[in-house]
């Protein structure tokens, strides 16, 4: 299946409010894009690297968090405390959804209400929900990736939007540098979360 098919399926599922399926399709699109971009790296490494190298685009649509500098006080797959946004998407969402498992307790996707994105961080359960916009942010990063310049959905009805721009997907495949020139990074709210007062004591 082509990357463009996964992007189409992600948007279609989101339109049906099937957000877990929409996230899975977006994650599979990242898998495929990262494989084409960094073919010599292992799955988890290249998946995280792709997200980290596109965090500026993802932050623009995520909802106000500085994802580059915020470290969340949750356990990773090996039990170590301290994870990044890329870790959360890979370990909690991608790996569980791709293997047909339920998301870990406390993890999920917050449904947008009246256009307002919602997410929640729980220190008690060491978990978080991500806003619905995270699905679109991850998808847009795939669309803009140079490795996907040859992709096509075949319909101009499919699009993503950031706070000020609309991206008709079939006109934006592979054009990340062009997109960065029109994205409003200067007005972006970037809150760095400081969890030092709740960081588990070792």
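Computed from the coordinates by the stated procedures, all read-outs in this text should not be read as laboratory data. Since the structure is predicted, the reported quantities are computational estimates derived from the model, not experimental observations. Neighbour counts run over all protein chains shown; Cβ positions are idealised from the backbone, glycine included.
If R0 is 41 Å, what FRET efficiency do you get for residue 99 and residue 70 from their C-beta distance, rounded to 0.05?
Values: r = 27 Å, r/R0 = 0.66.
Using R0 = 41 Å, I get an efficiency of 0.95.
At full extension, residue 42 and residue 15 could sit 6.5 nm farther apart than now, given 0.36 nm per residue minus the alpha carbon distance.
Peptides 3-14, 71-82 ranked from most to least packed give 3-14, 71-82, packing being the mean of other C-beta atoms within 10 angstrom over each peptide's residues. The residues 185, 195, when put in order of fewest to most other Cβ atoms within 10 Å, stand as 185, 195. Distance from the Cα centre of segment 74-88 to that of segment 1-58, in angstrom? Here the answer is 19 Å between Cα centres. Note on the chain: GNM, Cα springs under 10 Å; of 25, 187, 122, the largest mean-square fluctuation is that of 187.
Considering only 142, 95, 178, the Gaussian network model of the chain with Cα springs below 10 Å gives its largest mean-square fluctuation to 178.
Highest GNM mean-square fluctuation among 174, 44, 154, for the chain modelled with Cα contacts below 10 Å: 154. Mean separation of Cα pairs under 8 Å and 6 or more residues apart, divided by the residue count, gives segment 3-182 a relative contact order of 22 percent.
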